[in-house]
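Trainee: Handing you this structure, nothing more for now.
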Amino acid sequence: MHIPDSFIPLTQAIVYWLIALPFIIMSMKWAKNELDEMKVPVLAALAAGIFAIQAMNIPIGMGTSGHMVGATLVAIVFGSPWAGVLVLTLVLLVQGFAFGDGGITTMGANILNMGIISGFVGYYTYVALRKSTGTSIAAFGGAWLGLFISAIVCAIQIWIAGTFPWSQASSPWAPIT
């Protein structure tokens, strides 16, 4: 889920930025050490594809939207969740600053959910399942679990912010009162 501006108070948004910043810095260090002229075009192509897919907003209600994420895919292709964090950070920066999609103040929360949680959970789930289930099923399982956990964290974040009650944040079928 993409959290727009005003869904989270600035004080809470700062906390998410502070959590996300070390991961962003580590992903840039990963890029400096691991990327070469052969890998950069692949990273750029994945980033462009993820950007295009994320441009398709799936309305969830109350002003939020769901998206295809892609952090797990990038992490699997590059063998590191840091690649997923880097690409999703770049995609979210372009979406937020160039297109006003997702919000600037809430970008730390979006990077945390869509890049860090989805990338790390998805990649390590893939690694855990790969030998026993095969690459395709492990990739699907990792992507699904990464997206599921990040969506739950997003629901918790907007509930903590008081944007709307937990029952509505946790279920798209809950009645809006």
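The values are calculated or read from the model by the stated rules, or taken from the named source; none is laboratory data. A quick note: this is a predicted structure, and the numbers were derived from the prediction, not measured. Positions of Cβ are generated from backbone atoms using ideal geometry, with glycine treated the same way; all protein chains shown enter the neighbour counts.
Trainee: Within region 126-144, does at least one residue satisfy the condition of being under 14 Å from the mean Cα position of the chain (by Cα), more than 21 Å from ILE14 (Cβ to Cβ) and without any contact (Cβ under 8 Å) to a residue 40 or more places away in the chain?
Mentor: If we filter region 126-144 for residues that are under 14 Å from the mean Cα position of the chain (by Cα), which is where we start, we get 142-144.
Still in the list and also more than 21 Å from ILE14 (Cβ to Cβ): 142-144.
Checking the rest, the ones that are also without any contact (Cβ under 8 Å) to a residue 40 or more places away in the chain come to 144.
Looking for residues that are under 14 Å from the mean Cα position of the chain (by Cα), more than 21 Å from ILE14 (Cβ to Cβ) and without any contact (Cβ under 8 Å) to a residue 40 or more places away in the chain, one finds at least one in region 126-144, hence yes.
Trainee: Can you tell me which residue in region 48-81 is farthest from ILE24 (Cα to Cα), limited to those that are small (Gly, Ala, Ser) and at pLDDT below 80?
Mentor: Within region 48-81, the subset small (Gly, Ala, Ser) is 48-49, 52, 55, 61, 63, 65-66, 70-71, 75, 79-80.
This time we only want the ones that are at pLDDT below 80, so: 55, 61, 63, 65-66.
Working: ALA55: 22, GLY61: 29, GLY63: 27, SER65: 23, GLY66: 22 Å.
Across region 48-81, the extreme among qualifying residues is GLY61.
Trainee: Can you tell me which residue within region 97-155, out of those that are crowded, with 19+ Cβ neighbours inside 10 Å and polar (S, T, N, Q), is farthest from MET56 (Cα to Cα)?
Mentor: By that ranking, first place goes to THR125.
Trainee: Given the criteria touching a strand residue (DSSP E or B) at 6+ places or on another chain (Cβ under 8 Å) and not aromatic (Phe, Trp, Tyr), does ILE8 qualify?
Mentor: On the way: touching a strand residue (DSSP E or B) at 6+ places or on another chain (Cβ under 8 Å): no; not aromatic (Phe, Trp, Tyr): yes.
Against the criterion (touching a strand residue (DSSP E or B) at 6+ places or on another chain (Cβ under 8 Å) and not aromatic (Phe, Trp, Tyr)), ILE8 does not qualify.
Trainee: Identify, from the list PHE120, PHE164, the residue that is within 11 Å of the chain's Cα centre (by Cα) and either at pLDDT 95 or above or not in a helix (DSSP H, G or I) (or both).
Mentor: Of the residues listed, the single one that is within 11 Å of the chain's Cα centre (by Cα) and either at pLDDT 95 or above or not in a helix (DSSP H, G or I) (or both) is PHE120.
Trainee: Output the number of the condition that GLY84 fails; it satisfies all remaining conditions of (1) in contact with a Leu (Cβ under 9 Å, 6 or more places away or on another chain); (2) farther than 17 Å from GLN12 by Cβ; (3) at pLDDT 95 or above.
Mentor: It is condition (3) that GLY84 fails.
Trainee: Could you please find all residues in region 1-18 being surrounded by 14 or more Cβ atoms within 10 Å (Cβ to Cβ) and aliphatic (A, V, I, L, M)?
Mentor: Once the filter is applied, which keeps residues that are surrounded by 14 or more Cβ atoms within 10 Å (Cβ to Cβ) and aliphatic (A, V, I, L, M), region 1-18 yields MET1, ILE3, ILE8, ALA13, VAL15.
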